[in-house]
Structure formats: C-alpha cells, structure tokens
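Report on the following structure.
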Amino acid sequence: MANTLRVDLVSADKSVWTGEATQVIAKTVEGEIGLLAGHEPLLAILAQGEVRITLPGGEKINANAEDGFLSVENNVVTIVARKAALA
C-alpha cells in the first residue's frame, strides 16, 4: 500500500512487532513525534515511553520502549530499544 509504513519494533534480544501501519507515534528526547507515510528521513533518540502504532484497519497497538533510537527512511520505520514490550 502506498499510504502505509513498514514498522519494525525490536528490543535488544528479540523482535517485538513487525508489520504495516498507517501511523506511528513515539516519544523521543525532543518530544513526541508522529510519523505518516512519506515522512522525511529521520534519526531520533527514544525516550522512555509509549509507542503507538495504528494499523491500516484502524486497530491500535501499544508498546512500551526505552533507551534506543528510531529511524525513518523510504516509508520504513525502525525502532530499536534496549527494552521494548507490547503493552
């Protein structure tokens, strides 16, 4: 789908969630950031907090993440955290 993001959420020891999403909201050290398809390339440092993922059907997935980074490029969002788990 052209209006979706491919999302990979991983912790230090495992993959937590992978799939397609229409929106990702995460907490960074600069504040909360919302990502949609077509977002400019970005690299940000994660702060401890919630990652909210909206799926194409409208369902929402929540995860807790801390200490890591988030990158966006070509509609691919990669979130790597020291600790991450689905809420």
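The values are calculated or read from the model by the stated rules, or taken from the named source; none is laboratory data. None of these values were measured; they are calculated from a predicted model. Counting neighbours? That spans all protein chains shown, and the Cβs are built from the backbone with ideal geometry, glycine included.
As for region 44-52, it holds no residue that is small (G, A, S), surrounded by 11 or more Cβ atoms within 10 Å (Cβ to Cβ), in contact (Cβ under 8 Å) with a residue 40 or more places away in the chain and out of contact with any His (no Cβ under 7 Å at 6 or more places or on another chain). The set of residues from region 59-87 being without any contact (Cβ under 8 Å) to a residue 60 or more places away in the chain, closer than 20 Å to A37 by Cβ and surrounded by fewer than 13 Cβ atoms within 10 Å (Cβ to Cβ) comprises E59, K60, E73, N74.
V24: under 15 Å from N3 (Cα atoms) and either buried (at least 18 other Cβ atoms within 10 Å of the Cβ) or more than 10 Å from the chain's Cα centre (by Cα) (or both), yes or no?
Values: under 15 Å from N3 (Cα atoms): yes; either buried (at least 18 other Cβ atoms within 10 Å of the Cβ) or more than 10 Å from the chain's Cα centre (by Cα) (or both): yes.
Taking the combined requirement at face value, the residue satisfies it.
Check region 11-20 and report whether any residue there is surrounded by 15 or more Cβ atoms within 10 Å (Cβ to Cβ), touching a Ser or Thr at 6+ places or on another chain (Cβ under 8 Å) and polar (S, T, N, Q). Taking every residue of region 11-20 in turn, none turns out to be surrounded by 15 or more Cβ atoms within 10 Å (Cβ to Cβ), touching a Ser or Thr at 6+ places or on another chain (Cβ under 8 Å) and polar (S, T, N, Q).
The single condition among (1) aliphatic (A, V, I, L, M); (2) exposed (fewer than 15 other Cβ atoms within 10 Å of the Cβ); (3) free of Cβ contacts under 8 Å to residues at least 60 places away in the same chain; (4) in contact with a Lys or Arg (Cβ under 7 Å, 6 or more places away or on another chain) that V29 does not satisfy is (4).
Among the strands (runs of 3 or more DSSP E) confined wholly to region 41-80, which include 2 or more residues that are within 17 Å of V10 (Cα to Cα) and acidic (D, E)?
Numbers: elements: 42-46, 49-54, 60-73.
Correct list: 60-73.
When G49, G68, G58, G19 are checked against the criterion of being modelled with pLDDT of 95 or more and out of contact with any strand residue (DSSP E or B) (no Cβ under 8 Å at 6 or more places or on another chain), G58 stands alone in meeting it.
For residues in region 1-16 being of a type outside the set (D, E, K, R) and at pLDDT below 95, which is farthest from L86 (Cα to Cα)?
Of all residues in region 1-16, those of a type outside the set (D, E, K, R) come to 1-5, 7, 9-12, 15-16.
With the extra rule that they be at pLDDT below 95, the set shrinks to 1-3, 12.
Details: M1: 25, A2: 26, N3: 24, A12: 14 Å.
If we take residues in region 1-16 being of a type outside the set (D, E, K, R) and at pLDDT below 95, then A2 is farthest from L86 (Cα to Cα).
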